[in-house]
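So the structure is just underneath, and the comments pick up after that.
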Amino acid sequence: MEGHSEAERALPRGGAATRRGGLEFPRVDLRESSRRAWITATHIYGFLSCEHAVWLEFYGNADEKLGAGPALTQLLRRGRELEDRLVAPLGWDEPTYAKGAFAEGAAATRAMLASGVPGLRQAVLYEHPWLGIPDLLRRVPGSSAFGDFHYVVGDVKSSRKPRADQALQVAFYSRLLARLQDRRPDHGFLILRDGNEERIDLDAIDIVLDEVLEELVELLSRGPESERRSTPHHTTMCRDCGWRPSCSAKLDVHWVPGLTRSVREVLAERGFDSLEALSLVEPRKYAKAGVLPEASWQRAKQGAHALRSGAPVFVRKPRGVEFQQACLPVVVLHDGFEARVPLVAWLFDDSVRFAEAPTREDEPAMWHEAMAAWGKSHGALVHSGGVAARLYEARSESSHPAEVIDALERRCTDLMSIVRGTWIFPEPVVLASEALAFLEGARPASEVDSVPLLLEVGDREGLRSFARRELKALESLLRKIEEVA
Ligand code: SF4
């Protein structure tokens, strides 16, 4: 996202909370130092993922933000291509306006809707500072300011199932639309990647939208200089976030891994914001005050130690897994956007076995080969996440009986969740190779291979080498777990 234009700077900041079309937006008090004057749907659903990222979009130093990497660029391009593929056949027009001139776009949108067009792409719904550009507006019966018809909002999504943040986005657009057409649409809709339409019940989501808008407005009222300024919250999401250099510049309680946001806030409020202060914590003694349980104090102390030393800290013996019997390390490569599994690999007799699906049509045969081989083995199918879900998805295409697949699913053991419970790492780890690097005294590679990118360019050897590396890492992690069990 870019900084705002001259035209945008000239617009008034904030505005009274008003009621029209039966729905209200809260009053906004953006500070003078804000880099942005518009609040969009991106900020609203971004708020649910990381509120600090939204705050940085308004008050952070743009020079500190990294650009989108190849994987994110590919994801965004695929999203646009999907939208074109699903929406182009409708033949609906878009409003035309100069780049960034949203008031002009909103006027063009209003004129097209008033003329009764059957639908509109990329409409501009704008009531300063709120700005929404939904993928679709569709004409439906029922009177409004435009006549004996009104419009409902639709958005195109690449997921296979609707998500709450997507519904919230539609509710936000619908609120802007309600104020424009003087009629609240009673529903919105999502078009999912398979072309199916999901209806969104706005009554159910409007209460949530009200809460999110209130919290968002409160967040944006905090300027950069205030003591109330927003703070980072270190999670796995930070790995792919452009603001990571800014958030990781100061190593304090907000960057200690494995704490919830509320625990971080309680610790910071009580003066335990530096790593030094956290390292002096006496968990049992402090827990007696009743503010936080002993486990939280302990976790904070150990996390601070891991962050300071850059090395994992042993927490407890692994629990809940029987490692005496043979295990079969397995890796399933997955492209979530395309819902594709191009390669499955497993370790057998110290050698790596592959079953591959160069095309989607090859996937049933690939799964047949893999399941047949796994069915001949014994013990846990150890993996680094997602294998049980992929087996579940493959069941409709598999020629194996359901009870065979059920038995394989029951054998799946997510080794990474055991590893993460056994040690606290200096950073959240996802891949087996990342956890192993830390445990061997190294840093994980900063650039991680992307399955969707390798798949898109047809780099079969790249996919094999990714799987080989993760299998070897799983095998090594198994040995490390056995050593400490
Ligand atoms: S790096 Fe993490 S904490 Fe910082 S803005 Fe990004 S997701 Fe939020």
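Taken over region 25-57, the criterion of being basic (Lys, Arg) and either within 14 Å of the ligand (Cβ to nearest atom) or touching a residue at least 60 places away in the same chain (Cβ under 8 Å) (or both) is satisfied by ARG27, ARG31.
Within region 360-370, is there a residue that is in contact with a Leu (Cβ under 6 Å, 6 or more places away or on another chain) and in contact (Cβ under 8 Å) with a residue 24 or more places away in the chain? Spell out the reasoning first.
Filtering region 360-370 down to residues in contact with a Leu (Cβ under 6 Å, 6 or more places away or on another chain) leaves none.
Taking every residue of region 360-370 in turn, none turns out to be in contact with a Leu (Cβ under 6 Å, 6 or more places away or on another chain) and in contact (Cβ under 8 Å) with a residue 24 or more places away in the chain.
Within region 94-134, the residues that satisfy the criterion of being touching a helix residue (DSSP H, G or I) at 6+ places or on another chain (Cβ under 7 Å) and farther than 16 Å from ARG179 by Cα are PRO95, THR96, TYR97, ALA98, GLY100, ALA101, GLY119, LEU120, ARG121.
Yes/no matrix, rows are residues, columns are (1) modelled with pLDDT of 95 or more; (2) over 28 Å from the mean Cα position of the chain (by Cα):
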| position | (1), (2) |
| --- | --- |
| GLU227 | no, yes |
| THR236 | no, no |
| SER246 | no, no |
| PRO257 | no, no |
| ARG261 | no, no |
| GLU269 | no, yes |
| SER274 | yes, yes |
| ALA289 | no, yes |
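Counting only strands (runs of 3 or more DSSP E) that sit completely within region 52-136, those holding 1 or more residues that are over 26 Å from the mean Cα position of the chain (by Cα) and not charged (D, E, K, R) correspond to 119-121, 125-127.
Cβ-Cβ distances below 9 Å connect the following pairs, each with a first residue in region 236-253 that is of a type in the set (D, E, K, R), a second residue that is within 8 Å of the ligand (Cβ to nearest atom) and assigned to a helix (DSSP H, G or I), and a separation of six or more residues or different chains: ARG244/CYS238. Condition first: among the β-branched types (Val, Ile, Thr) and surrounded by 13 or more Cβ atoms within 10 Å (Cβ to Cβ). Now tell me which residues in region 204-215 satisfy that. Of everything in region 204-215, those that are among the β-branched types (Val, Ile, Thr) and surrounded by 13 or more Cβ atoms within 10 Å (Cβ to Cβ) turn out to be ILE205, VAL208, VAL212.
Every listed requirement among (1) closer than 17 Å to GLY154 by Cα; (2) within 20 Å of the chain's Cα centre (by Cα) is met by ASP194 save one, (2). Here LEU278 does not qualify as surrounded by 21 or more Cβ atoms within 10 Å (Cβ to Cβ) and either within 16 Å of the ligand (Cβ to nearest atom) or assigned to a loop (DSSP other than H, G, I, E, B) (or both). Just one of the listed residues (SER230, SER262) is more than 16 Å from ALA306 (Cβ to Cβ), hydroxyl-bearing (Ser, Thr, Tyr) and either in the same structural domain as ASP63 (by TED's automatic domain parsing) or within 14 Å of the ligand (Cβ to nearest atom) (or both), and it is SER230. Within region 239-259, restricting attention to residues that are part of a helix (DSSP H, G or I) and within 14 Å of LEU72 (Cβ to Cβ), the residue that is nearest to the ligand (Cβ to nearest atom) is ARG244. None of GLY441, GLY386, GLY421, GLY375 is over 27 Å from the mean Cα position of the chain (by Cα), closer than 30 Å to ARG299 by Cβ and not acidic (Asp, Glu) except GLY441.
Considering region 309-328, the residues that are modelled with pLDDT under 95 and surrounded by 14 or more Cβ atoms within 10 Å (Cβ to Cβ) include one that is nearest to GLN298 (Cα to Cα), namely VAL315.
The condition of being free of Cβ contacts under 8 Å to residues at least 40 places away in the same chain and away from the ligand (no atom under 16 Å from the Cβ) holds for only one of ILE191, ILE200, that being ILE200. Of everything in region 216-251 that is of a type in the set (Val, Ile, Thr) and under 15 Å from GLU427 (Cβ atoms), the residue that is surrounded by the most Cβ atoms within 10 Å (Cβ to Cβ) is THR235. Of all residues in region 259-293, those satisfying the criterion of being in contact (Cβ under 8 Å) with a residue 12 or more places away in the chain and polar (S, T, N, Q) are SER274, SER279.
For region 293-308, the criterion of being under 23 Å from the mean Cα position of the chain (by Cα), in a helix (DSSP H, G or I) and either surrounded by fewer than 17 Cβ atoms within 10 Å (Cβ to Cβ) or away from the ligand (no atom under 16 Å from the Cβ) (or both) is met by none of the residues. Filtered by the rule that a residue be β-branched (Val, Ile, Thr) and over 20 Å from ALA107 (Cα atoms), region 131-162 gives VAL140, VAL156. All conditions in (1) modelled with pLDDT of 95 or more; (2) farther than 30 Å from GLU393 by Cβ hold for ALA171, with the sole exception of (2).
The values are calculated or read from the model by the stated rules, or taken from the named source; none is laboratory data. None of the values given here were measured: they were computed from a predicted structure. Note: ideal-geometry Cβ built from the backbone for every residue, glycine included; neighbour counts use all protein chains shown.
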